[in-house]
Amino acid sequence: MALQGMTLHFRAIELPPDERSAVDPSDEQELFECALATRRQIEDVEGIAESLFQLGLVHQVLRRDLEAGSPFVREALGLVEGLPDADSLLRSEIHRHVGFDLLLREERHGPAIEHFEASLELRRGLAERGWIAGALTALSLAHRLASRSDEAIAFAQQSLELAQDEGLRARFVVAAEESLRAAEKLGAAGDRT
């Protein structure tokens, strides 16, 4: 059920950042707004959380506006926390994007890491291993921004090993390699101080 309508989002994340900014998400946003209204009418709580999350992604990822996306992902989190049997991928993605909101917009490293860890645990139960590699890369970023180079390096290495061992798409390998380089650079800078 979860995340089936996000074709533009999944296409956009494959694009370089300069091309991603040229994507117009207006039509997709309108569809998610209609879906949210319908799901609210029929009181489909998991569906409401999914639509809220999708609207949050339109703002966070496609429009590059964390501030505008925050209320949507936060409300979605509040809903799925009361639904322990909700779709694992949906719950994982909501935790992930709340983590990015906390990390990048609020610069609250500890709470962000907690959400990334919750996302990783949910992703471990999924068949698609790319979800796990992405979660490890997010944890590496959070630890790097918290100036914890050892942890950042360890998570980036795990992500890279998984991406290579599983033959994941190039974007997972590249993301893990870039994450590892950045973490090692932080570690080297810390060694010099």
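The values are calculated or read from the model by the stated rules, or taken from the named source; none is laboratory data. Remember, it's a predicted structure, so these values are computed and weren't measured experimentally. Note that each Cβ is placed from the backbone with ideal geometry, even for glycine, and that neighbours are counted across all protein chains shown.
Could you check segment 166-193 and list, in sequence order, the residues that are in contact (Cβ under 8 Å) with a residue 24 or more places away in the chain, under 23 Å from Trp131 (Cβ atoms) and either surrounded by fewer than 18 Cβ atoms within 10 Å (Cβ to Cβ) or in contact with a His (Cβ under 9 Å, 6 or more places away or on another chain) (or both)?
Of everything in segment 166-193, those that are in contact (Cβ under 8 Å) with a residue 24 or more places away in the chain, under 23 Å from Trp131 (Cβ atoms) and either surrounded by fewer than 18 Cβ atoms within 10 Å (Cβ to Cβ) or in contact with a His (Cβ under 9 Å, 6 or more places away or on another chain) (or both) turn out to be Glu166, Arg169, Arg171, Ala183.
Can you tell me which residue is modelled with the lowest pLDDT among those in segment 166-193 that are part of a helix (DSSP H, G or I), closer than 22 Å to Leu122 by Cβ and in contact with a helix residue (DSSP H, G or I) (Cβ under 6 Å, 6 or more places away or on another chain)?
It comes out as Phe172.
Given the criteria without any contact (Cβ under 8 Å) to a residue 60 or more places away in the chain and over 13 Å from the mean Cα position of the chain (by Cα), does Leu102 qualify?
no
Against the definition (within 24 Å of Gln164 (Cβ to Cβ), over 15 Å from the mean Cα position of the chain (by Cα) and modelled with pLDDT under 95), how does Gly130 come out, yes or no?
Against the criterion (within 24 Å of Gln164 (Cβ to Cβ), over 15 Å from the mean Cα position of the chain (by Cα) and modelled with pLDDT under 95), Gly130 does not qualify.
Within segment 16-53, which residues are free of Cβ contacts under 8 Å to residues at least 24 places away in the same chain, of a type in the set (Val, Ile, Thr) and in a helix (DSSP H, G or I)?
If the condition is that a residue be free of Cβ contacts under 8 Å to residues at least 24 places away in the same chain, of a type in the set (Val, Ile, Thr) and in a helix (DSSP H, G or I), then Thr38 is the only one that fits.
With the structure loaded, tell me whether Ala154 is of a type in the set (Gly, Ala, Ser), at pLDDT 95 or above and more than 21 Å from Val73 (Cβ to Cβ) or whether it fails that test.
For Ala154, the condition - of a type in the set (Gly, Ala, Ser), at pLDDT 95 or above and more than 21 Å from Val73 (Cβ to Cβ) - is met.
For Phe100, work out the one condition from (1) more than 29 Å from Val45 (Cα to Cα); (2) of a type in the set (Phe, Trp, Tyr); (3) modelled with pLDDT of 95 or more it doesn't fulfil.
Condition (1) is where Phe100 drops out.
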